[in-house]
1. Among the listed residues Val254, Val192, which satisfies the condition of being modelled with pLDDT under 90 and part of a helix (DSSP H, G or I)?
2. For Ile347, are the conditions met, namely being assigned to a helix (DSSP H, G or I), at pLDDT below 90 and aliphatic (A, V, I, L, M)?
3. For residues that are of a type outside the set (Val, Ile, Thr), part of a loop (DSSP other than H, G, I, E, B) and in contact with a Pro (Cβ under 9 Å, 6 or more places away or on another chain), scanning just the stretch 72-96, find the one that is farthest from Leu140 (Cα to Cα).
4. Listed residues Val312, Val290, Val305, Val324; which is exposed (fewer than 13 other Cβ atoms within 10 Å of the Cβ) and either within 18 Å of Leu185 (Cβ to Cβ) or assigned by TED's automatic domain parsing to the domain that holds Leu195 (or both)?
5. Within the stretch 257-274, which residues are out of contact with any Leu (no Cβ under 7 Å at 6 or more places or on another chain) and within 23 Å of Ala339 (Cα to Cα)?
6. Within the stretch 100-118, is there a residue that is under 35 Å from the mean Cα position of the chain (by Cα) and surrounded by 14 or more Cβ atoms within 10 Å (Cβ to Cβ)?
Amino acid sequence: MVLNGLLKTIRKIYFGHNIVLWMILVVLPIGVSLFTVGMFSSQIVQHVPIGIVIQDNSQLADKLEAKLRSSPVLDIKMVCPDMGECEHAVVRGDIQGFIVLPNDLERRALRLEAPVIPVYSSGQNYLTNMFTTKEIRAVLSAAGSELFTAQMADPVKVQIHSVGNLKSNYQGFLVLGLVTAIFHLAAMIVGVFVLSFPLRDHRVKEMLGYAGGSRFTLWFASVFPMNIILWLETVGCYAYCHRLLAPLTLDEFVITAAAQLFMILACSGAGVVFVGLTGVMRMATGAAGVIGSPAFAFAGQTFPVMAMPFAVRCFAFVLPLTHVLMIQSTMLLGDVDMAPAWESMKILIGMALFWNILGAFLMSMRWKQFARRETEYEDKMRTDSEASA
């Protein structure tokens, strides 16, 4: 009897011609994940266009120019006669920046006066500037260290390699976190939608009827399918993204998949809590969006958590995404101490239990309240109908 009620409730919730539910449960998370994978599949920054102003006619200046030309990150597009021409090229967007090899460069170097080589870059593209200036500094420092060694006719060519990222693209260190963040948000929104639509459509009594009057059966039938579906989607998309990287061992895969499961449970449970607290889909969806949307920025993937202000670190700690990304990063490194991963797993399990228990309690109260309202409304309509008759 309980099983029949459970299956009937699941069928009514998930297969009741609810196209919107399947859009946000399946189509959007997978579609956005695949789009993100494609968007970040291009190679890492290479051939950044720069200019160079050569004021010193010396062997050192020639050597520095050759070193810069040998870098795969930099591409000397312009050799400017003066700084003004290169400055205009930066403003037009033709080059990202330019280097000035000043007068008396070699003479100062031979006299150990540590000549300064100015580097001018565009202030509009911060990330590209970071790559460019870092490479320029590395090239010039390497050339400077060779000043008093035997000189070679041609500079050594450079190749870029990434440990654990054979294709040298952004999938190796960014898209895996972004895909997980997509499902982090999707789980909250789906949790809000599934648990709030009986309240919105005034169908609580109907759904309780399908569940045999059991609020626990109604809660379980609501949350179990969405969590399993989202988890399978998350693991599938993660495996698809990870195909270009070093393979995971069985233990690493199991731990990563378990972390993603508890993240889904915690996030969908948080969405259920938002519905239980507000009782309104619009407000609950807004709360899920405000908390879930910027999560990736605070999860430590793009900026170290320890460098954030204390209040922001607290916010990052309560986000399930922070801990699942920590576990994913540990698994990607491989052959490292597993203790941090287990600590994060314990936190995720605690979050999953807390949000689901709280959500079940709050929704039980909401269903009782809305069922009473629906009964009162039906009684009023019946009384009005009898009076008019």
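The values are calculated or read from the model by the stated rules, or taken from the named source; none is laboratory data. Here the structure is a predicted model, which is why all the values come from computation and not from measurement. Cβ atoms come from the backbone with ideal geometry, glycine included; neighbour counts cover every protein chain shown.
1. Val254
2. Taking the combined requirement at face value, the residue does not satisfy it.
3. Selected residue: Asp94.
4. Val290
5. Across the stretch 257-274, the qualifying residues are Ala257, Ala258, Gln260, Leu261, Leu265.
6. Within the stretch 100-118 (the criterion being under 35 Å from the mean Cα position of the chain (by Cα) and surrounded by 14 or more Cβ atoms within 10 Å (Cβ to Cβ)), the answer is no, since none of the residues qualifies.
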